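The values are calculated or read from the model by the stated rules, or taken from the named source; none is laboratory data. Small disclaimer: the values here were computed from a predicted structure and weren't measured. Cβ coordinates were reconstructed from backbone atoms using ideal geometry, including for glycine residues, and neighbour counts include every protein chain displayed. Surface accessibility is based on the protein's heavy atoms, side chains included, excluding ligands, DNA and RNA. Shrake-Rupley method; radii C 1.70, N 1.55, O 1.52, S 1.80 Å.
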Amino acid sequence: MEQKLFDSERRVMETLWEHGDLPAKQIAALLAEKAGWNKNTTYTVIKKCVEKGMVDRQEPGFLCHALLSQAQARQREAGDLVDRVFSGSPSQLFASLLGGGKISKAEIDKLRHMIDEYE
């Protein structure tokens, strides 16, 4: 079973996705500025990401490298959303988006094109 990416872990991952490999100290500085986190909080979350296999941390300087790509994280979370909220039915997700007026004609056309490409 794949590990869930919690909001705090997502912040660390987004920092790595945006900036590439970074020392833990620099991740802590960026998240202090963005989220108001202290260094200990950041290091604890990085440790959790390492334990879950989402980040590789190496010496010197505790250099962190994302092992989980942003695309992989999105796929996991989309699948989880469909399973949890729409009983595993992607068509129910689309019906909900269409019925709620949350999707534009341009986005519908884009989805049609993506489906055609997939087939």
Worksheet item: Which numbered condition trips up Gly101, out of (1) outside any loop (DSSP other than H, G, I, E, B); (2) within 22 Å of Ile115 (Cβ to Cβ)?
Response: (1)
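Kindly check whether there is at least one residue in region 66-79 that is assigned to a strand (DSSP E or B), under 21 Å from Ala32 (Cα atoms), of a type outside the set (Asp, Glu) and open to solvent by 50 Å² or more (accessible area, probe 1.4 Å).
Residues of region 66-79 that are assigned to a strand (DSSP E or B), as a first pass: 66.
Okay, now just the ones that are also under 21 Å from Ala32 (Cα atoms), so 66.
Subset that is of a type outside the set (Asp, Glu): 66.
Add one more test, that the residue is open to solvent by 50 Å² or more (accessible area, probe 1.4 Å), and what stays is none.
Checked against the condition, which is being assigned to a strand (DSSP E or B), under 21 Å from Ala32 (Cα atoms), of a type outside the set (Asp, Glu) and open to solvent by 50 Å² or more (accessible area, probe 1.4 Å), region 66-79 yields no hits at all.
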Worksheet item: part of a helix (DSSP H, G or I), at pLDDT 95 or above and aliphatic (A, V, I, L, M), is that true of Val82?
Response: no
Worksheet item: Within region 93-112, is there a residue that is open to solvent by less than 100 Å² (accessible area, probe 1.4 Å) and within 22 Å of Leu16 (Cβ to Cβ)?
Response: no
Fill in: Scope region 7-26; condition in contact with a Phe, Trp or Tyr (Cβ under 9 Å, 6 or more places away or on another chain), part of a helix (DSSP H, G or I) and either under 17 Å from Gln58 (Cβ atoms) or open to solvent by less than 80 Å² (accessible area, probe 1.4 Å) (or both); matching residues
Ser8, Ala24, Lys25
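Take Gly100 and tell me if it is of a type outside the set (Phe, Trp, Tyr) and within 22 Å of the chain's Cα centre (by Cα).
Details: of a type outside the set (Phe, Trp, Tyr): yes; within 22 Å of the chain's Cα centre (by Cα): no.
Spelling it out, it is not the case that Gly100 is of a type outside the set (Phe, Trp, Tyr) and within 22 Å of the chain's Cα centre (by Cα).
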